[in-house]
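A short worksheet on the structure shown next.
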Amino acid sequence: MSFDPFDFKSALPIINEDSEFFPLMSSEDEEEMNNQQVPDVLSILPLRNTVLFPGVVIPITVGRDKSIKLIRDANKGDRMIGVVAQRDVNVEDPEFDQLHKVGTTAIIVKMLQMPDGNTTVILQGKKRFVLKEKLQSSPYIKAEVEPFKETDFKDDKEFKAMVSSVKDMAMSIIQLSPNIPSEAGIAIKNIESTSFLINFIASNMNADMEAKQRLLETPALRDRARIVLEHLTTDLQMLELKNQIQTKVRTDLDKQQRDYFLNQQLKTIQEELGGNTPDLEIENLRNRSFKKKWSKEVSDHFNKELEKLQRINPAAADYSVQINYLELLLDLPWNDFTKDNFDLKRAQKVLDKDHFGLDKVKRRIIEYLAVLKLKHDMKAPILCLVGPPGVGKTSLGKSIAKALGRKYVRMALGGVRDEAEIRGHRKTYIGAMPGRIIQSVKKAGAANPVFILDEIDKVGNDFRGDPSSALLEVLDPEQNSSFYDHYVELDFDLSNVMFIATANSLSTIQPALLDRMEIIEVNGYTIEEKIEIAKQHLLPKQREAHGVKTKDVAIKNDVMEKVIEDYTRESGVRGLEKQVGSIVRGVAKSIALEEEYNATVTKKDVERYLGPPVFDKDLYEGNDVAGVVTGLAWTQVGGDILFIEASLSPGKGRLTLTGSLGDVMKESATIALAYLRAHASYFDINPKLFDQWDVHIHVPAGATPKDGPSAGITMLTALTSAFTQRKVKPNLAMTGEITLRGRVLPVGGIKEKILAAKRANIKEIILCRNNEKDILEIKEGYIKDLKFHYVKEMREVIQLALLDELVDEPIDLTVKEDEKPAMQF
């Protein structure tokens with residue numbers, strides 16, 4: 001058991017929290033306590049370094065296993081135990097013979113489970129007893145006891161004067177001791193019982209344990225009062241003498257001597273704690289500044305701020321703020337550069353090793369590095385890699401850093417809404433810090449890192465400012481040589497930083513910011529490219545991540561193609577990596593359970609590991625129904641195909657549009673119908689049909705919002721098919737914008753749309769003539785099975801898309817003549 005000395009300063013805060021523990025005892029309480037009987041047998045709790053007196057409340061921290069067992073057992077019963085001080089405080093587990101013979105019965109008032117896991121017990125002493133004979137030693141000591149015989153005393157004037165002196169001296173000690181709270185004096189004043197007063201003061205006075213044990217063993221109350229008075233007299237004399245010395249010394253010391261003394265004490269304490277003194281800390285900052293390669297302007301500013309630090313009191317709050325600011329200036333890489341490796345052949349090998357395909361992107365990056373090698377000047381457009389998720393935009397930045405031998409740092413801009421995130425906070429604000437640009441450069445430790453600004457299209461703005469506008473200075477080669485951060489308060493040169501931005505879409509990027517960047521489109525991968533990426537990168541990465549060796553699992557090209565077509569529908573390879581990881585985990589489970597499995601994964605194994613196919617390979621629905629045409633669409637996750645359905649029903653020529661369409665797409669449908677009505681004779685359509693049949697255009701997947709002009713020619717083809725009941729050419733898809741004059745305009749996202757068409761087993765594609773250049777950028781091997789038709793007019797589209805034969809069950813589109821006779825004049 002461990003115990004901290006329980007004096008006035010530690011007792012009263014605990015006592016005052018709950019009146020149940022307040023240690024005052026009235027005469028009635030004392031009479032009730034004296035009438036209590038001492039049991040013949042008691043469980044004995046040894047105390048290491050204190051003595052419990054009758055009527056006194058003390059808290060103890062229980063640590064011994066025996067003591068914890070005793071307390072818990074007693075707490076379940078009558079809560080009465082015997083408390084005895086041990087003779088030697090160094091004995092961890094005292095035996096019966098190592099205890100004093102006189103102790104105090106105690107009641108367990110309360111048990112408290114402390115946050116550190118220890119158990120604290122509040123005990124109140126009751127009556128003295130004498131140990132007679134040990135009955136057991138395990139699991140804790142239990143002994144036979146008898147009541148302690150106290151000597152009667154005469155309550156005369158002399159005794160009353162002695163008790164009064166004890167109380168007065170205790171009050172004087174409390175007043176002279178700054179560490180003892182004044183509440184202790186109130187407690188002593190309110191004690192009515194003479195014996196409890198002596199016990200309470202004896203328990204809390206400044207005496208060793210042996211002296212307190214002698215007091216406990218003294219049978220006569222008069223003798224105990226006399227001993228307590230002697231101790232208090234000695235303590236009071238020592239306190240008065242100490243205060244006299246302190247007063248004399250205090251008058252002898254002037255302000256300068258006091259300040260010196262206190263500073264020396266503070267310096268000694270800081271050295272003992274392992275910290276730096278203010279003078280040493282300032283000297284360390286000055287020594288570090290000598291090694292920096294900064295300009296005279298920065299050096300003068302640093303020295304000025306350092307002098308300001310010397311004038312600040314180390315105890316002031318501004319001191320730590322100034323320290324943090326100076327340390328930031330020292331940590332920033334002013335003119336600290338890493339040496340570039342301009343071996344462009346090696347750079348090409350690094351890019352080819354890390355990324356399959358993306359030839360146009362790699363070529364532009366090598367051009368960028370070639371200019372940098374020749375000119376040694378970073379004043380060139382900022383590269384912005386735009387493409388769907390999972391195509392390797394961010395990892396391209398890592399590869400560039402590896403190829404150049406530069407530091408790599410990345411800052412995610414998604415959801416950033418506070419301008420201070422970019423420019424930093426002013427130092428006047430509480431909790432001010434530099435912006436994330438400066439923090440990232442500091443983290444890189446060099447003034448010329450490769451800096452990735454990830455997801456720049458997802459920067460927001462609100463009442464706290466517009467971060468995209470703050471980025472204008474960062475990404476402008478003419479301005480970023482003097483980037484100003486509000487916290488640093490100095491121009492920092494960012495012109496040597498190689499900024500590379502990434503985005504999924506350009507539509508949400510501020511035009512002024514977009515103007516400062518060179519856009520490089522990172523398109524999706526073909527199936528052939530995905531197979532190679534999976535073989536060279538994804539499968540080895542997943543094998544290593546799951547502790548599977550190369551010989552344990554292999555996936556052939558046809559099996560990998562099944563995974564790509566049946567379980568993923570994306571432009572990138574992030575979903576493919578997850579599916580490959582699922583297959584490798586299935587193999588790892590079989591290896592761990594020592595089950596039989598195929599090291600070379602088959603198509604049946606794929607379904608066993610991944611479940612039934614998620615996507616259908618052949619999405620094309622045929623051409624047996626009039627008015628259904630396959631279109632090509634672009635989404636933020638790559639290309640996709642969609643169906644435009646046009647149906648006719650008897651009515652008055654009303655147009656209905658469904659399928660969660662945006663305004664632009666609705667306008668395309670209106671233009672297509674208007675063009676068809678204007679050129680009805682050319683397409684051999686009776687104009688009266690438009691007044692006698694309602695038109696309904698629907699785009700399936702109604703829960704998905706759709707918008708854009710690229711479905712214009714698809715809608716016109718669907719309407720023409722519906723009004724002529726002619727079949728649409730099988731395995732045909734198209735994309736292009738239409739005008740009211742019937743011209744076909746180019747659209748974007750061609751590569752992604754072509755990849756989507758190939759996944760859907762489309763054989764022929766109709767495009768605008770101006771989109772032919774986009775097809776030429778795709779490797780010929782990837783589109784060898786596709787036939788492209790390039791058009792300028794809608795008439796060409798109808799000639800290519802519609803067959804001369806009617807559908808199997810055509811609608812009777814006979815024009816109904818007006819039954820009313822014409823008016824005669």
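The values are calculated or read from the model by the stated rules, or taken from the named source; none is laboratory data. Quick caveat, the model's predicted, so the values are computed rather than measured. All Cβ positions, glycine included, derive from the backbone under ideal geometry; neighbour counts span all protein chains shown.
Here are a few things to note about the model shown:
- Residue check for residue 161: closer than 22 Å to residue 191 by Cα, at pLDDT 85 or above and either in the same structural domain as residue 193 (by TED's automatic domain parsing) or not aromatic (Phe, Trp, Tyr) (or both): yes
- Answer from 506, 513 - the residue that is surrounded by 21 or more Cβ atoms within 10 Å (Cβ to Cβ) and either modelled with pLDDT of 90 or more or out of contact with any Pro (no Cβ under 9 Å at 6 or more places or on another chain) (or both): 513
- Residues satisfying the stated conditions in the stretch 519-529, i.e. surrounded by 19 or more Cβ atoms within 10 Å (Cβ to Cβ) and either free of Cβ contacts under 8 Å to residues at least 40 places away in the same chain or of a type in the set (A, V, I, L, M, F, W, C) (or both): 520, 522
- Of all the listed residues (441, 450), the sole one being modelled with pLDDT of 85 or more, closer than 30 Å to residue 305 by Cβ, among the β-branched types (Val, Ile, Thr) and surrounded by 15 or more Cβ atoms within 10 Å (Cβ to Cβ) is 441.
- Looking only at the stretch 47-93, and only at residues there that are under 50 Å from the mean Cα position of the chain (by Cα) and part of a strand (DSSP E or B), the one that is surrounded by the fewest Cβ atoms within 10 Å (Cβ to Cβ): 61
- Matching entry among 478, 489 (being in a loop (DSSP other than H, G, I, E, B) and more than 21 Å from residue 381 (Cβ to Cβ)): 489
- Just one residue in the set 131, 112, 99 is in contact (Cβ under 8 Å) with a residue 60 or more places away in the chain and of a type in the set (A, V, I, L, M, F, W, C); that residue is 131.
- Across the stretch 105-126, not a single residue is classified as more than 30 Å from residue 184 (Cα to Cα), assigned by TED's automatic domain parsing to the domain that holds residue 195 and either among the β-branched types (Val, Ile, Thr) or in contact with an Asp or Glu (Cβ under 8 Å, 6 or more places away or on another chain) (or both).
- Residue list for the stretch 582-605, restricted to those being surrounded by 18 or more Cβ atoms within 10 Å (Cβ to Cβ) and within 24 Å of residue 391 (Cα to Cα): 583, 584
- Just so you know, in the stretch 105-157 the residues that are part of a strand (DSSP E or B) and of a type in the set (Asp, Glu) include one that is nearest to residue 73 (Cα to Cα), and it is 144.
- The stretch 664-684: number of residues that are modelled with pLDDT under 90 and closer than 17 Å to residue 626 by Cα: 2
- Residue check, residue 325 in a helix (DSSP H, G or I), under 30 Å from residue 309 (Cβ atoms) and of a type in the set (Ser, Thr, Tyr): yes
- Test: residue in the stretch 761-784 that is out of contact with any His (no Cβ under 9 Å at 6 or more places or on another chain), of a type in the set (Phe, Trp, Tyr) and farther than 30 Å from residue 814 by Cα: yes
- Qualifying residue in the stretch 761-781 (condition: touching a helix residue (DSSP H, G or I) at 6+ places or on another chain (Cβ under 8 Å), of a type in the set (Gly, Ala, Ser), under 26 Å from residue 571 (Cβ atoms) and not in a strand (DSSP E or B)): yes
- Just one residue in the set 198, 191, 173 is assigned to a loop (DSSP other than H, G, I, E, B) and closer than 30 Å to residue 84 by Cβ; that residue is 191.
- Meets criteria (among the aliphatic types (A, V, I, L, M), closer than 24 Å to residue 149 by Cα and not assigned by TED's automatic domain parsing to the domain that holds residue 56) for residue 228: yes
- Looking across the stretch 773-806 at every residue that is over 47 Å from the mean Cα position of the chain (by Cα) and more than 15 Å from residue 729 (Cβ to Cβ), the one that is surrounded by the most Cβ atoms within 10 Å (Cβ to Cβ) is identified as 794.
- Some residue of the stretch 557-569 being surrounded by 17 or more Cβ atoms within 10 Å (Cβ to Cβ), farther than 28 Å from residue 752 by Cα and not small (Gly, Ala, Ser): no
- Taking each residue of the stretch 411-432 that is in contact (Cβ under 8 Å) with a residue 12 or more places away in the chain and looking for partners that are assigned to a loop (DSSP other than H, G, I, E, B) and polar (S, T, N, Q) with beta-carbon atoms closer than 9 Å, six or more apart or interchain, yields 417/461; 419/461.
- Test: residue in the stretch 727-738 that is in the same structural domain as residue 789 (by TED's automatic domain parsing), within 49 Å of the chain's Cα centre (by Cα), assigned to a strand (DSSP E or B) and at pLDDT below 90: no
- Residue-level analysis places residue 407 outside the set of residues that are in the same structural domain as residue 501 (by TED's automatic domain parsing) and more than 22 Å from residue 444 (Cβ to Cβ).
- Selection of the stretch 674-725 for residues being within 16 Å of residue 644 (Cα to Cα) and of a type in the set (Asp, Glu) yields only 707.
- Hey, residue 360 out of contact with any helix residue (DSSP H, G or I) (no Cβ under 9 Å at 6 or more places or on another chain), at pLDDT below 85, surrounded by fewer than 19 Cβ atoms within 10 Å (Cβ to Cβ) and not hydroxyl-bearing (Ser, Thr, Tyr) or not: yes
- Looking across the stretch 530-556 at every residue that is β-branched (Val, Ile, Thr) and in a loop (DSSP other than H, G, I, E, B), the one that is surrounded by the fewest Cβ atoms within 10 Å (Cβ to Cβ) is identified as 548.
- Looking only at residues of the stretch 118-161 that are of a type in the set (Lys, Arg) and closer than 25 Å to residue 194 by Cβ, we find that the one that is nearest to the chain's Cα centre (by Cα) is 126.
- Residue check for residue 742: crowded, with 19+ Cβ neighbours inside 10 Å, in the same structural domain as residue 672 (by TED's automatic domain parsing), over 20 Å from residue 528 (Cβ atoms) and in contact with a Phe, Trp or Tyr (Cβ under 6 Å, 6 or more places away or on another chain): yes
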